[in-house]
Each structure stands twice: as C-alpha cells, then as structure tokens.
C-alpha cells in the first residue's frame with residue numbers, strides 16, 4: 001500500500017523546509033553588534049558636522065591673536081629713488097643768449113629697521129645715502145650719508161600699554177570665547193545624541209508593542225473564528241476582532257515609519273555621510289542604561305552652573321571684552337599729541353666709502369625734536385564710538401543678568417522634570433502590571449463565556465497604552481538626567497570628555513562608561 005501525503009502534511013513539510021533554510025541563511029549572515037549609547041556619543045564627537053564647523057573658531061581666533069602680536073614685529077625697510085630736475089636759466093639781457101639749464105641728478109638709498117613698541121613708540125633705525133650730481137660741477141659724484149634713529153612717541157592718544165595692547169587683549173578674549181563656544185557645542189551635541197537615542201529606542205519599543213498588540217488581536221480573531229464555528233460566540237465578535245486586527249496593522253505601519261525617522265535623526269548626529277547612503281534604514285541599538293538616580297540640589301547646582309556652564313562663561317568674557325573696548329575708545333577720545341625726534345651723524349665724500357668713513361668719525365652730529373598736535377574740531381567720531389562702547393558694555397552686563405535668570409528657571413524646570421519622571425516611572429510600572437493582570441483575567445473569563453470580545457480588546461488596548469507609558473517614562477527620565485547635566489554644566493565631565501587644544505588645532509577625547517577612547521576631529525591647521 002502506497003503512502004500518499006495529504007495536502008496539509010505537504011504544506012507543513014514545505015514550511016518546515018523554509019524555516020530550516022532561512023535559519024541556515026541567517027546563521028551564515030554576519031551579525032552586526034547593536035550600537036550602544038557610549039558608541040553613539042563617541043561617533044558624534046568624531047563625525048558630527050556641527051562640532052566640526054565650530055572647531056574652526058578656536059584656531060581662527062588664535063590666528064587673529066598671532067596677527068595682533070605681529071603688529072610689534074620689526075620690519076626691514078629698503079628703498080631706492082632716482083630724481084633728475086632741471087632749473088632753466090634766464091636769458092642774458094645784453095646778448096639775449098640763454099645759458100644751459102642747471103641740472104641736478106640724485107640717487108637715494110635707504111636701509112633701516114623699524115617697528116612699533118607696545119607703549120606706542122614708533123621707531124626707525126637705519127642708514128641713508130644720497131649721491132647728488134649737478135651740471136655745474138660736471139656731474140661729479142658727491143655722497144651724503146646719514147645714520148641714526150627717528151622716533152614718534154604719542155603722549156595722549158595711543159599712549160601706554162592699555163592702548164597699545166588693547167587689540168591683543170581683545171583677541172585673547174575672542175580666543176576664550178571661541179573655546180567656550182566649542183565646549184557648548186560639545187555639550188549640546190552630546191545631549192542631542194542622548195535625546196535622539198532614547199527617542200529611537202522609544203520608537204522601536206512602540207513598534208514592538210504595536211506588533212505584540214497585533215498578534216494578540218490576531219490570536220483573539222483565530223479563537224473567535226474557531227468558537228464561532230461551534231456556535232459559542234456570535235458573528236459580531238468575529239467582525240469586531242477582524243476590525244481590531246486591521247486597526248492594529250495600521251499602528252504597526254506608523255510605528256515602522258517612526259523608527260525610520262528617528263534612525264535618520266540619530267544618524268544625522270553621529271555620521272559624516274552626506275550622500276544617499278545616509279538613508280540606509282533603521283539603526284540597531286542596544287537598550288539604553290537605566291536612568292541614573294540623580295538628586296537635585298538647586299542651590300548648590302546653581303553655583304556650580306555659574307562656574308561650569310560654557311554659555312555663562314562666554315557671557316562673562318564678552319563683558320570683559322566690551323570693557324577692554326570701552327577703555328580703548330576712552331583713550332581714542334583724547335587729542336593726538338606726539339613727540340617726534342631724530343638723532344644721528346652725517347658724512348660726505350666723493351665716494352660712498354669716504355662718506356661712510358666721515359660719518360663713522362661722528363664729527364657732524366644731527367638731531368631734531370618737536371611735537372605734533374592734532375585736535376579734531378568736533379570729536380564726532382570719537383564721541384560716537386565711545387558712546388557705542390558704553391552701551392555695548394551695559395548691554396553685555398544685562399545679558400549676563402538675563403542669562404543668570406534663565407539659568408535659575410531652566411535649572412528649576414530640569415530639577416522638577418527629574419522628580420516628575422522618577423514618579424512617572426513608578427506609576428507607569430504599576431499601571432502596566434495592573435493592565436497585564438486585567439488582560440489575563442479577561443482572557444480567562446472570555447474562554448469560559450463570562451466576558452465579551454469587546455472587553456478583551458479593551459484590555460489589550462489598555463495594556464499597550466500602559467507599556468508605552470512605561471517606555472516613555474523611562475525615556476523621559478533618561479533625557480531629564482541629560483538635560484539636568486546640561487543645565488548644571490557637567491555634561492562633558494559626566495561623559496569623560498577632555499578638550500585638547502594646541503596653537504593650531506583643537507580636539508576632544510571622550511571616554512564612555514567601560515568604553516575605549518575616541519578622538520574627535522581636529523580643526524584644520526591654520
């Protein structure tokens with residue numbers, strides 16, 4: 001007797017073969033480890049474009065500081081000039097003849113070293129030679145040489161180290177401001193990564209809950225169809241279950257789209273890819289660590305925030321910068337009174353070595369002294385600049401006070417959010433446990449005919465909502481910790497971020513909990 005497999009048996013064997021083949025193919029595929037939060041932060045520090053853009057500011061500020069210091073570097077001054085002038089002579093009144101013109105040819109050579117001192121002195125130390133020839137002496141060479149020093153010293157405007165070093169001190173303030181902006185960008189990016197990571201995990205949890213809810217609805221539909229065939233439930237119960245399966249299928253599709261969107265948001269923070277490869281599908285991430293138990297002490301943490309927050313330190317440096325600018329503009333409001341002078345020795349000869357030798361003997365001394373006074377009639381420009389500097393200083397001081405007020409409010413809100421999310425986690429966990437127990441009870445009653453399909457579907461909905469509330473509460477608690485760290489200014493310290501800066505670049509080193517070190521991008525060499 002031949003054995004003929006039934007259609008159901010053949011289908012079962014085919015499905016079993018498919019599952020076995022799929023299992024082998026999955027076993028052959030390389031598994032990609034899930035991305036952890038520490039790894040995401042390190043990738044952001046390495047690849048994030050916002051950090052990379054801000055990292056240019058510090059070396060640019062250092063280059064500007066080098067430029068300001070360069071104002072005091074001495075410079076070599078070399079020059080050569082040739083000049084020929086003719087002096088026409090008048091006609092003889094008796095003969096009417098016009099004698100030839102008087103012609104003078106001059107070659108001028110100058111070599112010197114000049115510069116500016118920090119207290120405002122301008123100086124030139126050098127040597128000059130003039131070779132003068134004229135037609136009266138048959139263009140014989142006559143060399144006049146001079147060596148000495150000339151100077152110009154301001155006595156009011158531009159006098160002193162305050163005015164002379166103002167631009168350097170302002171450039172140093174700009175450098176410090178750029179470093180604060182870099183630290184602020186690091187803080188903001190790390191916080192954004194934590195937010196995006198938890199939002200992605202919440203979206204993935206929402207997808208799991210939606211799929212589980214769909215499976216529960218499908219299981220109830222299969223049970224209702226089986227019981228309807230034996231007459232234990234009405235056809236309306238089957239219809240209600242079918243409608244719920246379709247509704248939950250829509251929830252699954254929405255959750256899948258949310259996972260894609262949140263993956264793109266996280267990838268935008270942790271990747272430097274700028275082609276269509278950026279949209280490569282969902283990111284597989286590991287469960288984030290449980291929320292840290294943080295106790296808020298707003299009084300102590302406010303004092304810490306004033307010392308640690310980069311934006312507050314930046315505002316304080318801006319005040320110092322505006323105070324330097326006001327001091328410089330006050331100096332520029334003074335009249336310009338400059339003391340000028342020179343001192344040196346002359347020499348003359350038929351050749352340049354002879355004139356140089358006579359100059360070295362120091363027989364002919366030459367010196368001059370005087371003053372140059374320049375007083376604007378209205379001081380309109382000076383008054384306008386000084387008034388603007390005073391207003392800018394007052395404005396920056398008001399901005400510091402405004403930021404202090406904002407820190408108080410933001411810190412208070414962050415502390416309240418910490419307390420609220422911790423309470424929400426406890427309440428959400430209890431609600432999820434109660435919803436699970438309620439669903440289990442409804443399923444038992446429905447199987448013995450003491451409950452309806454509608455009650456079971458409602459219990460499933462309540463469980464899905466309770467699970468999402470628990471996931472959301474945990475995600476909000478982790479984000480609340482990150483936000484509180486940002487408001488206090490301890491984000492970089494909490495994540496082990498150390499800034500390494502040199503004269504030409506700036507970079508960071510991040511050490512996650514139990515992770516290896518990763519270096520952030522160095523700014524381009526200036």
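A short reminder: the numbers here are calculations on the coordinates, not readings from a lab. This is a predicted model, so every value here is computed, not measured. When we count neighbours, we look across all protein chains shown, and the Cβ atoms used for this are built from the backbone with ideal geometry, even at glycine.
General observations
- Global size of the chain as Cα Rg and Dmax, reported in angstrom: 42.2, 161
- The stretch between residue 136 and residue 257, if pulled fully straight at 0.36 nm per residue, gains 33.5 nm over its current Cα-Cα span.
- Förster radius 30 Å - calculated FRET efficiency between residue 387 and residue 123, Cβ distance, rounded to 0.05: 0.30
- Efficiency of FRET between residue 53 and residue 307 - r from beta-carbon atoms, R0 22 angstrom, step 0.05: 0.20
- Separation in nanometres of the label points that stand 7 Å from Cα toward Cβ, at residue 247 and residue 87: 11.4
- Pairs of alpha carbons in segment 391-494 whose separation is greater than 24 Å (percent): 52
- Each of 183, 71 has some number of other Cβ atoms within 10 Å of its Cβ, and from fewest to most they run 71, 183.
- Projected over all directions and averaged, the alpha-carbon convex hull of segment 439-507 occupies 7.8 nm².
- Value of [θ]222 nm, deg cm²/dmol, for the chain, DSSP H segments ≥ 4, -39500 (n - 2.57) each, nearest 500: -20500 deg cm²/dmol
- Radius of gyration over Kirkwood radius for segment 138-181, both on Cα atoms: the Rg/Rh ratio is 1.49.
- Nitroxide proxy distance, nm - points 7 Å out along Cα→Cβ at residue 67 and residue 337: 3.4
- Subtracting the Cα-Cα distance of residue 76 and residue 429 from 0.36 nm times their residue separation leaves 119.2 nm of extension gain.
- Kirkwood Rh in Å, taken over all unlike Cα pairs in segment 98-156: 14.1
- Each 5 Å bin from zero up to the one holding the largest Cα-Cα distance in segment 75-215 carries the following percent of pairs: 2, 7, 8, 7, 7, 7, 6, 6, 6, 5, 5, 4, 4, 4, 4, 3, 3, 3, 2, 2, 2, 1, 1, 1, 0, 0, 0.
- Convex hull volume per residue for segment 172-262, taking Cα atoms only, in Å³: 72
- Where the Cα pairs of segment 257-297 fall when distances are cut into 5 Å bins, in %: 5, 19, 23, 16, 12, 9, 8, 5, 3, 0
- Relative contact order computed over the chain (Cα-Cα under 8 Å; 6+ residues apart), in percent: 20
- Taking 7 Å steps out from each Cα toward its Cβ at residue 399 and residue 152 produces label points 3.6 nm apart.
- Residue exposure proxy: 468, 359, 117, ordered by other Cβ atoms within 10 angstrom of their Cβ from fewest to most, comes out as 117, 468, 359.
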